[in-house]
1. Find the accessible area per residue for region 570-622; the probe is 1.4 Å, ligands and nucleic acids are left out, and the unit is Å².
2. What spacing in nm lies between the two simple spin-label points modelled at Ala436 and Ile288, each 7 Å away from Cα in the Cβ direction?
3. Once you mark the trypsin sites (Lys or Arg not before Pro) that are in a DSSP loop and have at most 10 other Cβ atoms within 10 Å, what is the longest gap between them in the chain?
4. Near the amide H of Gly222, under 5 Å away, which other amide H atoms are found, from residues 5 or more places off or on another chain, if H is placed in the peptide plane?
5. Among Leu569, Pro181, His422, which residue has its Cα positioned farthest towards the positive end of the charge dipole of the chain, with +1 placed on the Cβ of Lys and Arg, -1 on the Cβ of Asp and Glu, and the dipole taken about the Cα centre?
6. Hey, what's region 379-499 come to in accessible area per residue, 1.4 Å probe, Å²?
7. Can you tell me the dipole magnitude for region 243-310 around its Cα centre, using point charges on the Cβ only (Lys, Arg +1; Asp, Glu -1), in Debye to the nearest 20?
8. Which one of Ile218, Leu560, Gly317 has its Cα pushed farthest toward the positive end of the charge dipole of the chain, where Lys and Arg give +1 and Asp and Glu give -1 at the Cβ?
Amino acid sequence: MANACFIRVRGIVQGVGFRPFVYRLAYANELSGWVLNGDQGVEIYLEGEDEDMDAFVHEMRSAPPTAANISDVEIEPASCEGLTDFTIRESHHSERPTVRVSPDLPVCHDCLKECFDPDNPRYRYPYINCTNCGPRYSVVLALPYDRVNTTVRAWPLDAYCDIEYHDPANRRFHAQPVVCPACGPGFTLRDDDAEIANGWTAIERTVKLLCEGKIVAIKGLGGYHLACDARNPASNMALRERKFRKEKPFAIMAKDIEAACQLVSLTPDAEALLTSLARPIVLAPARIELEGVAPENRDLGVMLPYTPLQHLLFAAGAPDALVMTSANRSSEPIAYDDADAVERLSGIADAFLIGERPIARRVDDSIARAGAFGPVILRRSRGYAPGAAARLPIERPLLALGADLKNTITLVVDGQAFVSQHIGDLSHYQAFQAFAETIKDLISMYDIRTDDLLLVHDGHPQYLSTGHAAALPVHERHSVQHHRAHLASVLAERGEWQRSVVGVICDGTGFGDDGSIWGGEIFLGSLEGGFERAAHLRPAALPGGDGAAQYPVQAASGFLAQLETLPNLTRSPFHFGSRYQDAMKLIQHGVRTFSTTSMGRLFDAAAALLGFVRESTFEGQAAIWLEQLARNAPNSDAYSFTHDGRELDFRPLLQAVVWDRIRNRPEPEIARSFQRGIATGMADLVAHLCHSASVDTVVLSGGVFQNELLLEDLRSLLLPHRLDIWTNHAVPPNDGGISLGQAALAAFGQFNEVDQSTTDGEAYA
Ligand code: ZN
Ligand code: FE
């Protein structure tokens, strides 16, 4: 007598070949029943012998399809209907679609083999894909994930694709974006005026242009890239000039892992990241200098090809290291719409390689690094988004709007926190538009009614995201404090709601409880109980407010104004210019001067004293420069960075930098002693706070902790104290992780409304 059961599988289980996998598994175990894509995941009904059902569940859990990620399996006994075969049923919609959309996947080995097989109908076809690989989030228009809800719906399947699509034994069984050259989208190479070539010829001509040193805009999964030969300095310089991008590093796509190893030194962890399914850009120490690619930077950002088109370009003879940078002007968001790309990029790209399959939404390449405490995601986008980054104990839908820089948003549906792709700097009009679109996009994808949505945003009164929050039609909105959100992001990732921690948040900027600019904060508490500010950096004046971030000498002025003796910094060896003198005047007269505890600005001050007196052309540039300078030093002595248990005093630290510089101590050694000093002072204060509060866990987050040398120092200095040290892994330690932290605080009702009547809005203009 046969038995029956009903199984519900949650996690990333749609669009990753899960139903055909279940189908084959059911047949292998001689089970009858059915499988379908439900709104909450995959639903399975099985009939057969108990031991066969056990074997089925065991195999499903232990060897699911590569891209699947099972978070939860629920099994209930059911009554036997007496079915005689196993079938795949149509998707049904009943409840809210909380099933997860899979992130985009790199082309799989089997598809690549077919793509390079002259006898295969999809020979050299850049849109080849199957249930194990290909586009997902970047082609999904709505849920559930079915072909009619993707951007290939305009191309009906022909007989050949249709047979594969409906054959349960086939790799393309219900592969939603499946197409072939006979029925699917084509691609062309064109310049500003006209089409140059199509099909394989377009690829060959593109390669020829790249080899000649030309810049080609190439349509990728989630947007356009601007590509050129990374070994050609003239092309790199031309790209910088046309893009108005002075110094910010370009990412490189290496032909394969061997080519990547020639460019950068890869540890086993870094190699694992590089070849992981997300295929991020991985930052690693450069082995060769490529002029114009990453000026004055010891690291290179390298990724491997992930679309069939990219593999085809390399196979056709493209240079084995291509600059592949987001197609945009300056720091605008990446172009993804064809007409918009041609318009915005004319004058930058010499030609355009355009595929016809539309991109549903902009998804940039992700950036990651194998860090001192494990993998770090610095920009979370393609390959990761919109994966759930955490589970939170809240049933009602919740939307967190993030910060204004490196913006992401987080939507929590049925306790799953979906973090959006990287949106960027909201002060750029197009990024702000993308922000508004992404909110609408996620809300409609998950079918959320805005009237029961809990909305949470940053406490900064001048943030554009704060303004947008006020305009959204919801009944309940709250703000949370920026640095508590950084801290909460780490605890949310780990699902640690009760654990009491000492949280060290070293950050560039953020609106504090008192209306001043915070960024060197130490908190004590837990997600459930809230975080109390336990200590902070000694406040300094910041002339020009947040605007000072661009000019290290301006940021330096407020810190230096507190030193007892100060040489004339406009002279050698400092050469501070007029911007410094103007800033000092503002401080003396108390005009447009604000108070800050920002650790990021303290690093800027040290960078300025060590020679970085020019304008910073991208966020974090001076800090990266300082870290790399310090890495060249042999010493590890620490300048004094003292505290009284509540406040860390930067004065002895900066005084030592100033006088050692005058004494001609080599700059790398000074930079090293400065950083070691920061770590030593912080470690001492952290150990003190942990001891007095009987806490054994330390959380490190905030943009300054992108500095790996600082992390390495803290790890070794805290080692004797036997403390657990937690950092971000699923979301970035920078402001890209803020939305998740906001969501976590909101889930526990940890709001922190700022009294905006006491604040001076002009500070942040
Ligand atoms: Zn495939
Ligand atoms: Fe921040």
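1. Values: 2310 Å² over 53 residues.
That works out to 44 Å² per residue.
2. For Ala436 paired with Ile288, the spin-label model returns 4.7 nm.
3. Details: sites that count: Arg449, Arg571, Arg663, Arg722.
Free of exposed loop sites, the longest segment is 1-448.
4. Here Val363 satisfy the definition.
5. It is Leu569, whose Cα lies furthest towards the positive end.
6. 32 Å²
7. On the way: 8 positive and 9 negative charges, 66 e Å.
Rounded to the nearest 20 debye, it is 320 debye.
8. Leu560
The values are calculated or read from the model by the stated rules, or taken from the named source; none is laboratory data. This is a predicted model, so every value here is computed, not measured. So basically every Cβ, Gly included, is an ideal-geometry build from the backbone, and we count neighbours across all protein chains shown. Protein only, heavy atoms only, side chains kept; ligands, DNA and RNA dropped before computing areas. Shrake-Rupley method; radii C 1.70, N 1.55, O 1.52, S 1.80 Å.
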